[in-house]
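The structure appears right after this line, and notes come after that.
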Amino acid sequence: MNNQFDNFFGDSMMESAEVFPIISLDERSSDIEIAEGEVLAILPLRNMVLFPGVLIPVSVARSKSLKLLRTAHENKKYIGVCTQIDKKSEDPTIDQLFQTGTVAQIIRILEMPDNSTTVILEGKKRFRLGEQISAKPYIRAKIYTLPEISPEDTNNSVYQALISSVKDITITIINNSGVLPPETSFAIRNIENPNFLINYVSTNFGLNVIEKMNLLETDDVLERGYQLLQQLNKESQLLELKMSIQNKAKEGIDQQQREYFLQQQMKTIQNELGGSSPELDVQDFKQRAAGKKWGEPITKIFDKELKKLERTSQHSPDYSTQLNYIEALLNLPWNEFSKDNFNLKNARKVLDGDHFGLENVKDRIIEHLAVLKLKGDMKSPILCLYGPPGVGKTSLGKSIARALNRKYARISLGGLHDEAEIRGHRRTYIGALPGRIMQNIQKVETSNPVFVLDEIDKVNADYKGDPSSALLEVLDPEQNSTFHDNYLDIDYDLSKILFVATANNLNTIPHPLLDRMELIEVSGYTQEEKIEIARKHLIIKELENHGLKAEHVQLTKSVLAQLIDLYTRESGVRSLSRQIASLMRKVAKMVATNEKYNTEISIDDLKTYLGAPRFSRDKYQGNEYAGVVTGLAWTQVGGEILFVESSLSKSKAPKLTLTGNLGDVMKESAVLALEYIKSHAKKLGIDPLLFDDWNVHVHVPEGAIPKDGPSAGITMVTALASAFTKRKVRNNLAMTGEITLRGKVLPVGGIKEKILAAKRAGITDIILCVDNKKDIDEIKPLYLKGLKFHFVSDIMEVVEFALLKEKVIS
């Protein structure tokens, strides 16, 4: 059984604008005599719900249903109309029907031209199904009528407002639908019977079967009206949303038509002016390609991509992608090189003029230039300058470029975590670009620049890839002649580029990458070097930056020495530059306001201009106490001296206590030191029974600062030996070295920085591992002046030299 008007104001409303006549429900329409428990033939409806007082047309196809309708019509009998729970069921039983239905009268049976049968039914009263009497030839069952509970006063304001709202929103939906004639709204507006209005809209409105059945099962007419109003509101909002979407779509189509019209006009104007923009682009590309020095394979690729661009519509999204790719190819300096300056004296002069010291780096650059001058062609070296911050590693790249007369390019690798930043993105991605290597080559317009890879030790890896792995190809002289960028998808020669990487810490650089680079240490500066750098570079730069002249301010060497000692604590000169800039600002203010001041800055003036000293100089603290030894440490800001203190206290359960924010390696050094002393107690003149009665406490001052590393091993052994033997440590002595359980002394790193720290603190004697002698030989004699070195290979040698013979009297 099919309902032609199942979704009257919904989807099927859009298919047909025909509306059946509205039959007003008078008092007699529902006032029919139906006895309680009367047996009626039950007509199952598929996907339809009939309400009292409403007419609906029903197409009938099932033979059982035709027989039922014709028999009831001939005998002028009422029938019961119930809705199937499952609309797909062809022969539903009484259990497969909703238990609430409507008593109906057959108004007319129509034989349609297509040989189908349509029956017009009018709902009379609601009922509840009772027991089944028979199932053949059709279902017959007892029914029990349900009351219609209407408000006692149909004129009360709430009921009238509800009915008025139902009318208004129904008319709004009909008007917004755009397919129903205006007479429909007029007919709805003139329905006077409130019950009939609710039932009529419920029957013909676009509700599903469950929603209609919920309305039919509601006895209270007022409650049924509220439920209907809620459904009407949902449908109204949905219809408004549909209309909004349709309007936007229409606006989009109108905009597209407008753009197409304008583009056609532009095309016509361009043709009148002598050619269209795409044609001009193609001609320009061909002219630029003619002057390129690329080989035949690149020419074939370019011609292929250019033909693809010519075939692509200007309005296609792929057009801009193809255009950008061709421009990227043309912007690269294929086999275009800047001419190197082979004047070695001039190169040395430039390097010396820009940077003080850094002899190893300068010598390596001069050597490269010399070989290049003799051979004429060679692969550029890949240098890695490592050292503490502020020593001039990055700025050295610019100086190298000036010395060689090459272009300068730089990318910062700090925090880089996407491999595509190096290799580029594939063209299939929206907004794809070449990698940063190729982008910088495009900017400098030459294939042999000095290329600085800054902070290479701070590259990170994540789910997007490992940039350090991508750098393996860039920094390998055997591979970078055919570097493959994902965006270009063509090999490019990077072998003529002089790559200079910078790093603070080599431990975070992957070993395969480290193996491809020539490592050059750029160590910290001595105080004398910092003074010279300030006089020759920093002061001149800051005078210019602040609009001052040389006669406005003068800084003597003694003042600069105080400035370095009391206001900076670093290996480089970055903080020193900031302090000089701060001083220049104070002077600039006085010059601008015509205040009187002393142009020759004195040591006392530093406190006035820069405030109280920020640091106290590391000083040797003497050897008055046994168990206190001076060690040497390396930090990221350079070398420092540190003090290892040890003390003993009586205890029945002796233990080793370590304090001072020590790392695991340093704690292990302390344990090693104590175990060595226990095992060699007699040799050191210590009573072995002491270890059973005394707690051992080792402390390294400045506990807020984390400390770690093996280089304090010999310092800890000496401190414990001094504490147990009560022998003082030699005056003005410092030491550094790793220890083993067998008593061997091993070499450590950072020797130059540690020596500079010792000199600043007034140390005169330093104990080192014999294997560190080679590091001392590489250091300038200027740095070693006033220091005496004692090289050892065994812990006993350290103790014999470090500890004095006399004991401290406690």
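The values are calculated or read from the model by the stated rules, or taken from the named source; none is laboratory data. Worth saying up front: this structure is predicted, and the values here are computed from it rather than measured. Cβ sites come from the backbone with ideal geometry, for glycine too, and all protein chains shown count toward neighbours. Surface accessibility is based on the protein's heavy atoms, side chains included, excluding ligands, DNA and RNA. Shrake-Rupley method; radii C 1.70, N 1.55, O 1.52, S 1.80 Å.
Restricting the search to region 460-500, which residues are part of a loop (DSSP other than H, G, I, E, B) and open to solvent by less than 30 Å² (accessible area, probe 1.4 Å)? The answer is 475, 476, 485, 487, 488, 490, 494, 495, 497.
Before we move on, is residue 409 modelled with pLDDT of 85 or more, out of contact with any Leu (no Cβ under 7 Å at 6 or more places or on another chain) and part of a helix (DSSP H, G or I)? It is false that residue 409 is modelled with pLDDT of 85 or more, out of contact with any Leu (no Cβ under 7 Å at 6 or more places or on another chain) and part of a helix (DSSP H, G or I). Annotation: residue 631 fulfils all but one of (1) modelled with pLDDT of 85 or more; (2) surrounded by fewer than 19 Cβ atoms within 10 Å (Cβ to Cβ); (3) within 27 Å of residue 806 (Cα to Cα); the unmet one is (2). Considering each of 759, 726, 707, 744 in turn, give the residue that is at pLDDT below 85 and open to solvent by 40 Å² or more (accessible area, probe 1.4 Å). None of the others qualify; the one that does is 759. Only one of the numbered conditions (1) more than 47 Å from the chain's Cα centre (by Cα); (2) surrounded by fewer than 24 Cβ atoms within 10 Å (Cβ to Cβ); (3) part of a helix (DSSP H, G or I); (4) in contact (Cβ under 8 Å) with a residue 12 or more places away in the chain is violated by residue 786, and that is (3).
If you go through region 774-783 and keep only what is of a type in the set (A, V, I, L, M) and either surrounded by fewer than 16 Cβ atoms within 10 Å (Cβ to Cβ) or touching a helix residue (DSSP H, G or I) at 6+ places or on another chain (Cβ under 6 Å) (or both), you end up with 779, 782. Among residues of region 315-344 that are among the acidic types (Asp, Glu), those with a Cβ under 7 angstrom from a residue that is open to solvent by 50 Å² or more (accessible area, probe 1.4 Å), sequence gap 6+ or separate chain, pair up as 336/293; 340/405.
Scanning region 687-699 for residues that are open to solvent by less than 40 Å² (accessible area, probe 1.4 Å) and at pLDDT below 90 turns up just one, 691. When region 560-591 is filtered for residues that are farther than 16 Å from residue 389 by Cβ, of a type in the set (S, T, N, Q) and free of Cβ contacts under 8 Å to residues at least 40 places away in the same chain, only 582 remains.
Of all the numbered requirements in (1) under 38 Å from the mean Cα position of the chain (by Cα); (2) part of a helix (DSSP H, G or I); (3) closer than 30 Å to residue 258 by Cα, residue 283 misses one, and that requirement is (1).
Yes/no per residue for (1) of a type in the set (Lys, Arg); (2) part of a helix (DSSP H, G or I); (3) open to solvent by 60 Å² or more (accessible area, probe 1.4 Å):
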site	(1), (2), (3)
715	no, yes, no
722	no, yes, no
731	no, no, yes
752	yes, yes, no
772	no, yes, no
790	no, no, no
804	no, no, no
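Residue count for region 113-131 satisfying the condition of being open to solvent by 70 Å² or more (accessible area, probe 1.4 Å) and either among the aliphatic types (A, V, I, L, M) or at pLDDT 90 or above (or both): 2.
Within region 139-152, the residues that satisfy the criterion of being modelled with pLDDT under 90 and touching a helix residue (DSSP H, G or I) at 6+ places or on another chain (Cβ under 8 Å) are 148, 149, 150, 151. In the set (1) farther than 28 Å from residue 292 by Cβ; (2) touching a strand residue (DSSP E or B) at 6+ places or on another chain (Cβ under 6 Å); (3) of a type in the set (A, V, I, L, M), residue 416 fails one condition alone, (2).
Evaluate the following for residue 690: is it in contact (Cβ under 8 Å) with a residue 60 or more places away in the chain, of a type in the set (A, V, I, L, M) and not in a loop (DSSP other than H, G, I, E, B)? In short, no.
When region 368-388 is filtered for residues that are within 32 Å of the chain's Cα centre (by Cα) and open to solvent by less than 50 Å² (accessible area, probe 1.4 Å), the ones remaining, listed by number, are 382, 383, 384, 385, 387, 388. Among the residues of region 643-674 satisfying the criterion of being among the charged types (D, E, K, R) and under 30 Å from residue 757 (Cα atoms), which is surrounded by the most Cβ atoms within 10 Å (Cβ to Cβ)? Per the criteria, the residue is 645. With 214, 175 as the choices, which residue is open to solvent by 60 Å² or more (accessible area, probe 1.4 Å), over 24 Å from residue 84 (Cα atoms) and part of a helix (DSSP H, G or I)? 175 is the lone residue from the list that is open to solvent by 60 Å² or more (accessible area, probe 1.4 Å), over 24 Å from residue 84 (Cα atoms) and part of a helix (DSSP H, G or I).
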